[in-house]
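The next block holds one structure in the form of structure tokens; read it before the comments.
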Amino acid sequence: MTDRVPASGTVHWVGAGLSTGSGLAVLCDTAERVRLWHRTEERASAALAALGLTGRAEPRAFTLPALAAELAPGDIVVSMLPAPEHAGLLSACVDARAHFACSSYVSPEVLERVPLAEAAGLVVLTESGLDPGIDHLFAHSLIGRARTEIGPDTPATYRLTSYCGGVPAVPNDFRYRFSWAPLGVLNALRSPARYLENGTETTAPRPWEATRPHILSGETFEAYPNRDSIPFIAQYGLPSAWTPHTFVRGTLRLDGWLKAWEPVFEELKSGDDASIAALARELAAAYPTTDTDRDRVVLSVSLEVETAPDHTWTGTYLLDLVGDTEESAMARCVSRPLALGVRHILDGSLPAGLNRAAETAQRSDAWLAELAEEGLDFTLRLGQ
């Protein structure tokens, strides 16, 4: 296998949408050179000015050929573009022998290119934002603590829930604030959700129909399953001696969301791609993201492991953050862990090949400690 390509010190941050935040500023402090690629050079300059980074990063007009022309061996490309764009960027990285990082799930198209990247000595960092990202860190940390306390060979039954949501800090009638593209939100709701409940694999063709109350710190939210939770049982490395009773990864919404969104759900049931795209445009116009409203990110990951009817180990991580005038909560929670991962590419501590934010309890605890030192607040509650 080719040795890992040493990082050059140059980071190319591609895209400056709603999830680009202070993580970019952190990299400006760490990397030797940072380039921000946006739709035009003028928009890149404006984004840098809004983040207080004028003169600290170089603005660039993004096209894939333009980026490829500036890539050098050991550079790092950070993609903040929609997930379908990642594979093309990764191909350009392989051609230039540059590393790649994003906050998104590993798509089949990206996975196809990983062997070439690994053979070339390149790091491919994925799932390193909020969800996926910090949720993985929380889950691995809890599972590691429970393994230590209980032992991986002790027969047990467990319940793991992981719920995350971006919501308005001040509730509105719509009970929601778009922190990413409305079409992406609607299409996610159109995708069936698969999870474990009461020891049985369950599929919700319409995820919102599986919505139920979820109480955190005395506040009632609404939670529903999202995507396919089942593969994460293996990804999280849960002991084979432990039997899953509940395993669900899902989405949090404000109490009242299900009622407020009834007209949206009716359209999702009957609409085709064109009508859903039109609805997304209508929702974007009706509920725009402004400079004055504030968002809130809530992430809760809980693990209960029962070894006997009268003995249960419990652990819960909770992150509850409100945005401010400098940065949205979503931008902070996505860009900070991603920037941390990029710094670990820069310092050589991540190996070539596919990496996620966390794949062991030890690394998760280390990343969480670093994020806490940088001011990302969360709490851990343990009990017996």
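The values are calculated or read from the model by the stated rules, or taken from the named source; none is laboratory data. What you see is a predicted model; the values in this text were computed from it and never measured. All Cβ positions, even for glycine, are placed from backbone atoms using ideal geometry, and neighbour counts span all protein chains on display. Only protein heavy atoms, including side chains, enter the accessible area calculation; ligands, DNA and RNA are left aside. Shrake-Rupley method; radii C 1.70, N 1.55, O 1.52, S 1.80 Å.
Considering only residues that are open to solvent by less than 80 Å² (accessible area, probe 1.4 Å) and in contact (Cβ under 8 Å) with a residue 24 or more places away in the chain, look in the stretch 193-206 and name the one that is farthest from the chain's Cα centre (by Cα).
In this case the residue turns out to be 199.
Here are some residues: 229, 217. Which one is among the small types (Gly, Ala, Ser), in contact with a Lys or Arg (Cβ under 6 Å, 6 or more places away or on another chain) and within 21 Å of residue 134 (Cα to Cα)?
Exactly one residue qualifies, and that residue is 229.
Checking residue 17 against (1) touching a residue at least 60 places away in the same chain (Cβ under 8 Å); (2) buried (at least 17 other Cβ atoms within 10 Å of the Cβ), only one condition comes out false. Which one?
In the conditions (1) touching a residue at least 60 places away in the same chain (Cβ under 8 Å); (2) buried (at least 17 other Cβ atoms within 10 Å of the Cβ), residue 17 misses (2) alone.
Report, by residue number, each residue of the stretch 24-50 that is touching a residue at least 60 places away in the same chain (Cβ under 8 Å) and in contact with a strand residue (DSSP E or B) (Cβ under 9 Å, 6 or more places away or on another chain).
24, 27, 30, 31
Look at residue 339 and say whether it is more than 19 Å from residue 175 (Cα to Cα), at pLDDT below 95 and within 18 Å of the chain's Cα centre (by Cα).
Against the criterion (more than 19 Å from residue 175 (Cα to Cα), at pLDDT below 95 and within 18 Å of the chain's Cα centre (by Cα)), residue 339 does not qualify.
Do we find a residue being surrounded by fewer than 24 Cβ atoms within 10 Å (Cβ to Cβ), at pLDDT 95 or above and either in contact with a strand residue (DSSP E or B) (Cβ under 9 Å, 6 or more places away or on another chain) or closer than 20 Å to residue 5 by Cα (or both) anywhere in the stretch 97-106? If you could, list the steps in order and put the result at the bottom.
Our first condition is that a residue be surrounded by fewer than 24 Cβ atoms within 10 Å (Cβ to Cβ); within the stretch 97-106, this holds for 97, 104-106.
Next cut, at pLDDT 95 or above only: 97.
Right, trim to either in contact with a strand residue (DSSP E or B) (Cβ under 9 Å, 6 or more places away or on another chain) or closer than 20 Å to residue 5 by Cα (or both) and you get 97.
Scanning the stretch 97-106 turns up at least one residue that is surrounded by fewer than 24 Cβ atoms within 10 Å (Cβ to Cβ), at pLDDT 95 or above and either in contact with a strand residue (DSSP E or B) (Cβ under 9 Å, 6 or more places away or on another chain) or closer than 20 Å to residue 5 by Cα (or both).
Looking at 306, 266, which one is among the acidic types (Asp, Glu) and over 23 Å from residue 209 (Cα atoms)?
Numbers: 266 fails: over 23 Å from residue 209 (Cα atoms).
Within the list 306, 266, the selection yields 306.
Mind checking which residues of the stretch 173-192 are polar (S, T, N, Q) and either open to solvent by less than 30 Å² (accessible area, probe 1.4 Å) or in contact with a Phe, Trp or Tyr (Cβ under 8 Å, 6 or more places away or on another chain) (or both)?
Of the residues in the stretch 173-192, the ones polar (S, T, N, Q) are 179, 187, 191.
The answer is 179, and nothing else.
Within the stretch 205-236, work out how many residues are part of a strand (DSSP E or B) and in contact with a Pro (Cβ under 6 Å, 6 or more places away or on another chain).
Matching residues across the stretch 205-236 total 3.
Conditions tested, residue by residue: (1) surrounded by fewer than 17 Cβ atoms within 10 Å (Cβ to Cβ); (2) at pLDDT below 95; (3) out of contact with any strand residue (DSSP E or B) (no Cβ under 6 Å at 6 or more places or on another chain).
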position: 289; (1), (2), (3): yes, yes, yes
position: 297; (1), (2), (3): no, no, no
position: 303; (1), (2), (3): no, no, no
position: 315; (1), (2), (3): no, no, no
position: 322; (1), (2), (3): yes, no, no
position: 328; (1), (2), (3): no, yes, no
position: 355; (1), (2), (3): no, no, no
position: 370; (1), (2), (3): yes, no, yes
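Restricted to the stretch 237-271, and to residues that are of a type in the set (A, V, I, L, M) and either in contact with a Pro (Cβ under 8 Å, 6 or more places away or on another chain) or open to solvent by less than 40 Å² (accessible area, probe 1.4 Å) (or both), which residue is nearest to residue 131 (Cα to Cα)? Before you say what the answer is, go through the steps one by one.
Initially, the stretch 237-271 is screened for residues of a type in the set (A, V, I, L, M), giving 238, 241, 248, 252, 254, 258, 260, 264, 268.
Pick out the ones that are also either in contact with a Pro (Cβ under 8 Å, 6 or more places away or on another chain) or open to solvent by less than 40 Å² (accessible area, probe 1.4 Å) (or both) and you get 238, 241, 248, 252, 254, 260, 264, 268.
Numbers: 238: 19, 241: 28, 248: 13, 252: 12, 254: 18, 260: 24, 264: 24, 268: 24 Å.
Among those residues, the one meeting the criterion is 252.
Quick one: which strands (runs of 3 or more DSSP E) sit completely within the stretch 87-169 and have at least 2 residues that are among the polar types (S, T, N, Q)?
156-168
Output the residue which, of all residues in the stretch 58-84 that are modelled with pLDDT of 95 or more and in a helix (DSSP H, G or I), is farthest from residue 27 (Cα to Cα).
Ranking the qualifying residues of the stretch 58-84, first place goes to 65.
For the stretch 336-364, how many residues are assigned to a helix (DSSP H, G or I) and more than 12 Å from residue 133 (Cβ to Cβ)?
The total comes to 8.
Can you tell me which of (1) over 30 Å from residue 293 (Cα atoms); (2) out of contact with any Cys (no Cβ under 7 Å at 6 or more places or on another chain) is the one residue 99 doesn't meet?
(2) is the only condition that residue 99 fails.
I want to confirm something. Restricting to the stretch 365-375 and keeping residues that are touching a residue at least 24 places away in the same chain (Cβ under 8 Å), part of a helix (DSSP H, G or I) and more than 17 Å from the chain's Cα centre (by Cα), which single residue is farthest from residue 337 (Cα to Cα)?
365
Exactly one condition in (1) surrounded by 19 or more Cβ atoms within 10 Å (Cβ to Cβ); (2) charged (D, E, K, R); (3) more than 22 Å from residue 9 (Cα to Cα) is not met by residue 60; state its number.
Among (1) surrounded by 19 or more Cβ atoms within 10 Å (Cβ to Cβ); (2) charged (D, E, K, R); (3) more than 22 Å from residue 9 (Cα to Cα), residue 60 violates only (3).
Which residues, counting only those in the stretch 20-54, are farther than 25 Å from residue 347 by Cβ, open to solvent by 60 Å² or more (accessible area, probe 1.4 Å) and touching a helix residue (DSSP H, G or I) at 6+ places or on another chain (Cβ under 8 Å)?
Result: 54, single match.
Kindly provide the set of residues from the stretch 317-355 that are in contact with a Leu (Cβ under 9 Å, 6 or more places away or on another chain), farther than 21 Å from residue 138 by Cα and either without any contact (Cβ under 8 Å) to a residue 24 or more places away in the chain or not small (Gly, Ala, Ser) (or both), ordered by number.
Taking the stretch 317-355 first, the residues in contact with a Leu (Cβ under 9 Å, 6 or more places away or on another chain) are 317-321, 326-346, 350, 352-355.
Checking the rest, the ones that are also farther than 21 Å from residue 138 by Cα come to 326-328, 345-346, 352-353.
Residues satisfying the conditions are 326, 327, 345, 346.
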